[in-house]
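Peer 1: After the structure tokens below, expect a handful of questions from me.
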Amino acid sequence: MTTQKTNTEKSTEAFISTLYREAARIPPNEYRVWALEQLSRVIDFDATFWGSGNSADIHFHYVCHLGLDEQYAHHLQQTLAINPIKEAVINNLGKPVNMQDVIADDAFYQSELYQKLFKPYGIERILAAGHFDQDNGLYSLISLYRFDRQHVFTEQERQLQERLVFHLVNAVSHAFFLHLRVGSALQQTQDQATSAICDSNGCFHQVQPRFVALLNEYFPNRTGVTLPFAIGTDQTTMEINNLAVSFRALGELFMVTLRLPGPLDTLSQRESQIVEWVCKGLTFKEVAKQLNVAPSTVSNHLYRIYDKIGINSRSELAQLVDSQRSG
């Protein structure tokens, strides 16, 4: 028994380590499925479902599964009204729920829920865990299924899933922003910038912990689980409640980045444009052509910018831009 516990502990620690260590290698759109495949090496199951969404907009934003078809999420949501496991999961967030503890086998296998949802997929045993973050409204449902009715989930497996759901949810967010940061050359540090992915209504799809911490600090009276301000125009930065807030379109979603304002945030729109072109290596003459002004005008603008933000050279300007870049 002691040896088995030791082996289980080792495999569990290896699983957790692998989730974070391999985050940079696995494409974000494949990460959830990959993570569930790794989980199958720690807890035995025949099929699994992972759905994530936001309580402000009740439907799954992200869905993945193993051993099921593309219609399963639709069938699952259609039967929520007759699903007692759902209520048990909501009432025990963070603690996996074993089907057997919610409804007796005889009643379950005769139920409308079993006949409509689980029986067509061959699902006989269920271990479902819900995770919810009240600061941002993000929730996840991770359900493990077995096709053999005799192969029940044990209490040890329930406790193991309880421990691992936290890491699954956090690792997928870590992986998402890691790839986003590398792919767009973002230079974000804990003291500098932090991001969230939102829809046009300000509903969170992914969010970094520091983002929520800054919202709570600078918007202490905010209510609900959406952004406390409207989504701005793509590729713009504005100051809101003493925070520099940047917006970048990602298809139908937006990356919203928060940071403490820096010297560059005091510049006018034209000054910011000149800084951008200069830092891209354009000469005064090339910048002047873009603005339809004389090169001397660009030079005068640049030196006023130096005085305004307290620097003396292009190299210092480039360093300042790099250190404050937020995407």
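Peer 1: Looking only at residues in the range 294-313 that are free of Cβ contacts under 8 Å to residues at least 40 places away in the same chain and under 21 Å from residue 236 (Cβ atoms), which one is least open to solvent (accessible area, probe 1.4 Å)?
Peer 2: In this case the residue turns out to be 305.
Peer 1: Let me ask you something else. For the range 44-98, which residues satisfy the criterion of being open to solvent by less than 30 Å² (accessible area, probe 1.4 Å) and among the polar types (S, T, N, Q)?
Peer 2: Answer for the range 44-98, where residues must be open to solvent by less than 30 Å² (accessible area, probe 1.4 Å) and among the polar types (S, T, N, Q): 48, 52, 54, 79, 83, 98.
Peer 1: While we're on this one: So is residue 321 closer than 30 Å to residue 216 by Cβ, of a type in the set (A, V, I, L, M, F, W, C) and modelled with pLDDT under 85 or not?
Peer 2: The answer is yes for residue 321.
Peer 1: Cβ-Cβ distance below 9 Å, separation of 6 or more or different chains: which pairs start in the range 269-287 with a residue that is at positive phi and in contact (Cβ under 8 Å) with a residue 12 or more places away in the chain and end on one that is open to solvent by 50 Å² or more (accessible area, probe 1.4 Å) and of a type in the set (Val, Ile, Thr)?
Peer 2: Once the first residue is at positive phi and in contact (Cβ under 8 Å) with a residue 12 or more places away in the chain and sits in the range 269-287, no partner that is open to solvent by 50 Å² or more (accessible area, probe 1.4 Å) and of a type in the set (Val, Ile, Thr) comes close enough.
Peer 1: Among (1) assigned to a loop (DSSP other than H, G, I, E, B); (2) open to solvent by 40 Å² or more (accessible area, probe 1.4 Å); (3) of a type in the set (Val, Ile, Thr), there is one condition residue 33 misses while meeting the rest; what is its number?
Peer 2: (1)
Peer 1: Cβ-Cβ under 8 Å, sequence separation 6+ or interchain: first residue in the range 234-248 and more than 17 Å from residue 271 (Cβ to Cβ), partner part of a strand (DSSP E or B) and of a type in the set (Asp, Glu). Which pairs?
Peer 2: Cβ pairs passing all conditions: 245/239.
Peer 1: Is it the case that some residue within the range 118-125 is at pLDDT below 95, assigned to a helix (DSSP H, G or I) and within 16 Å of residue 47 (Cβ to Cβ)?
Peer 2: No, that holds for no residue.
Peer 1: Where in the range 56-107 are there helices (runs of 4 or more DSSP H), lying wholly inside it, with at least 1 residues that are of a type in the set (D, E, K, R)?
Peer 2: The helices (runs of 4 or more DSSP H) meeting that bar are 84-91, 99-102.
Peer 1: Which of the residues that make up the range 13-30 are touching a Leu at 6+ places or on another chain (Cβ under 9 Å), part of a loop (DSSP other than H, G, I, E, B) and surrounded by fewer than 19 Cβ atoms within 10 Å (Cβ to Cβ)?
Peer 2: 24, the sole residue that qualifies.
Peer 1: So, residue 101, is that one charged (D, E, K, R), out of contact with any helix residue (DSSP H, G or I) (no Cβ under 8 Å at 6 or more places or on another chain), more than 30 Å from residue 228 (Cα to Cα) and open to solvent by 40 Å² or more (accessible area, probe 1.4 Å) or not?
Peer 2: No.
Peer 1: Another question about this same structure. Across the range 280-293, which residue is most open to solvent (accessible area, probe 1.4 Å) among those that are in contact with a helix residue (DSSP H, G or I) (Cβ under 6 Å, 6 or more places away or on another chain) and farther than 23 Å from residue 262 by Cβ?
Peer 2: 285
Peer 1: Another question about this same structure. Would you check if there is a residue in the range 152-162 being out of contact with any Pro (no Cβ under 7 Å at 6 or more places or on another chain), modelled with pLDDT of 95 or more, under 19 Å from residue 28 (Cα atoms) and outside any helix (DSSP H, G or I)?
Peer 2: Checking the range 152-162: not a single residue is out of contact with any Pro (no Cβ under 7 Å at 6 or more places or on another chain), modelled with pLDDT of 95 or more, under 19 Å from residue 28 (Cα atoms) and outside any helix (DSSP H, G or I).
Peer 1: Further question on the same structure: Select from the range 239-279 the residues that are surrounded by 13 or more Cβ atoms within 10 Å (Cβ to Cβ) and basic (Lys, Arg) and write down the one among them that is modelled with the highest pLDDT.
Peer 2: Within the range 239-279, the match that is modelled with the highest pLDDT is 248.
Peer 1: Continuing with this model, one more query. Please identify the pairs in which a residue from the range 116-136 that is under 22 Å from residue 56 (Cβ atoms) and open to solvent by less than 60 Å² (accessible area, probe 1.4 Å) has its Cβ atom under 6 Å from the Cβ atom of a residue that is hydroxyl-bearing (Ser, Thr, Tyr) and assigned to a strand (DSSP E or B), counting only partners at least 6 apart or on another chain.
Peer 2: Hits for this filter: 131/140.
Peer 1: Right, another one. Any residue that is more than 21 Å from the chain's Cα centre (by Cα) and without any contact (Cβ under 8 Å) to a residue 60 or more places away in the chain - is there at least one of those in the range 21-43?
Peer 2: yes
Peer 1: Additional query: List the strands (runs of 3 or more DSSP E) that sit entirely inside the range 223-264 and contain at least 2 residues that are more than 18 Å from the chain's Cα centre (by Cα) and closer than 25 Å to residue 317 by Cβ.
Peer 2: Passing ranges, in order: 236-240, 243-250.
Peer 1: Identify, by number, the condition in (1) loosely packed, with under 14 Cβ neighbours inside 10 Å; (2) in contact with a Phe, Trp or Tyr (Cβ under 8 Å, 6 or more places away or on another chain) that residue 150 doesn't meet.
Peer 2: Only one criterion in (1) loosely packed, with under 14 Cβ neighbours inside 10 Å; (2) in contact with a Phe, Trp or Tyr (Cβ under 8 Å, 6 or more places away or on another chain) is unmet by residue 150, namely (2).
The values are calculated or read from the model by the stated rules, or taken from the named source; none is laboratory data. Please read all numbers here as calculations on a predicted model, not as lab measurements. Heads up, the Cβs are rebuilt from the backbone with ideal geometry, glycines too, and the neighbour counts pull from every protein chain shown. Quick note on the areas: whole protein, heavy atoms, side chains included, nothing else; ligands and nucleic acids left out. Shrake-Rupley method; radii C 1.70, N 1.55, O 1.52, S 1.80 Å.
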